[in-house]
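Only one structure is covered here, and it is reproduced in the block below.
Every number here is computed from the coordinates shown, using simple stated rules; none is lab data. Just so you know, these numbers come straight off a predicted model, no measurement behind them. Because the Cβ atoms are built from the backbone with ideal geometry, glycine has one as well, and the counts that use them run over all protein chains shown.
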Amino acid sequence: MFGNLGTSALIGLLLGLAAIAFLQPTRTAGATLVMVVCLVAAISVGSLLRSRRTARRHRGKRR
Amino acid sequence: MKRALLLLCSVTLAVLGPAHAFQSAQAQQPRAGAQPVPGASPLVCPTGQHVLEDRCVEDGEDPDHRSGNYGNLSTGVAAGVVAGALLGRSFAARTSDARRLVPVRMYLPAPAIPPRGIGAYGVVALRGLPTPATRARLWRLCQSFVKYLPRPEAIPNSVRRSDWMVTVWPLTQPEAAPAKKDDCDFVIDHYDLYGGISAIQDAELQGADLSGPGPFLIGWSPASSRGVKDKVVLTFDMSSLDSQESFDRAFIWWQQRVVSDPKLWRHGWSVEAIRLSVRDFFDRYGESALNAIRFFGGK
């Protein structure tokens, strides 16, 4: 529904919320940074996994 | 205390047990001059005698009956002693579990550390005196120390000194008036540096990793375990803490987990310590990142 990027972003947001709940930052800037880091991490991991999967598929087609 | 409770319970039950046994033995005897119960033995014995196997015998004359009484008595004593021992043991165990260390704070010069007669102690260890870069942070540390741990004068006499867990702030002039008023500026300026550095060195000798810039909370339980290899030393590394709330949390953790339950002491690793460090990291760099965005954004 959201596409790969959307799914990764959604996971990142949820992860960010969980991290904020655990860390309980005292400043807004801290909470923002936690959210940004989680979003970036989730999107990066998502894209990495996708690229690996596509590479594997391509390798399968060549064989 | 434990032994006294055990003894008290044993003695009480040893007295109550035989008394009950003696009463029940007497209750079994028919009263002299009493009317026979229909269907029971029709024999009625005069005063001073009782019924035994369809005949009257003198009270205390029958050796079998007497031995029966003594049998009850000895069983009562044995049961009383055993029950008393068991009850006393469980009660004593419960009271010993309930016994906990009481957190106390003190200002002491390095030669007076550790204070005598206490159960356990910890040291607020700094690597250096305050500089313009560290003053605000150390002031916040001092505030948490002052606000979260009670002074010895506040501890009632009913709490024994051996139950104290003293957290020491090494101070060159503990008797000075500003120290008594908990003036944090004075307290951080007159920190006894030798007390802090030697505590760090002793903890490192015992295997603690204190490579950070500090401050540290270092604790030993029992008090005699300082500097002894293979003994548990508790460390809380506050190197990455910055905000007042984080220092407050650190002292709450120290108070709850460490002081109240030394069984939980480990070699300095805790989820709370990591959480506080990561949180302060994000708080600090989040602010810097926002400032950078504002700078480049032209606002």
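Details
- Rounded if a/c under 1.5, otherwise prolate or oblate - the stretch A:3-62, Cα gyration tensor axes: prolate
- Derived scalar couplings ³J(HN,Hα) [the stretch B:276-283; Karplus, 6.51 cos²θ - 1.76 cosθ + 1.60; whole Hz; x for Gly, Pro]: 5, 5, 5, 4, 5, 4, 5, 4
- Angle between chain A longest axis and helix A:3-23 axis [Cα atoms, degrees, rounded to 10]: 30 degrees
- Sites listed here are trypsin sites (Lys or Arg not before Pro) in the stretch B:147-186 whose DSSP assignment is loop and whose Cβ has at most 16 other Cβ atoms within 10 Å: B:Arg160, B:Lys181.
- Each of B:Ser162 and B:Tyr194 was given a label point 7 Å from its Cα along the Cα-to-Cβ line. The distance between the two points is 3.1 nm.
- Between A:Gly16, A:Gly46, A:Gly30, the Gaussian network model of chain A with springs among Cα atoms under 10 angstrom shows the greatest mean-square fluctuation at A:Gly30.
- The order of B:Cys184, B:Cys142, going from fewest to most other C-beta atoms within 10 Å of their C-beta, is B:Cys184, B:Cys142.
- Of all DSSP bridge pairs formed entirely within the stretch B:102-297, close to 50 percent run antiparallel.
- FRET efficiency, 1/(1 + (r/R0)^6) with R0 25 Å, evaluated for B:Ile293 and B:Ser239 via beta carbons: 0.35
- Under 14 Å, Cβ to Cβ, from A:Ser44 - net charge with Lys/Arg +1 and Asp/Glu -1: +2
- In sequence order, the stretch B:179-186 has phi-based couplings of 5, 5, 8, 6, 6, 5, 4, 5 Hz under the Karplus curve 6.51 cos²θ - 1.76 cosθ + 1.60, θ = phi - 60°, and Gly or Pro positions carry x.
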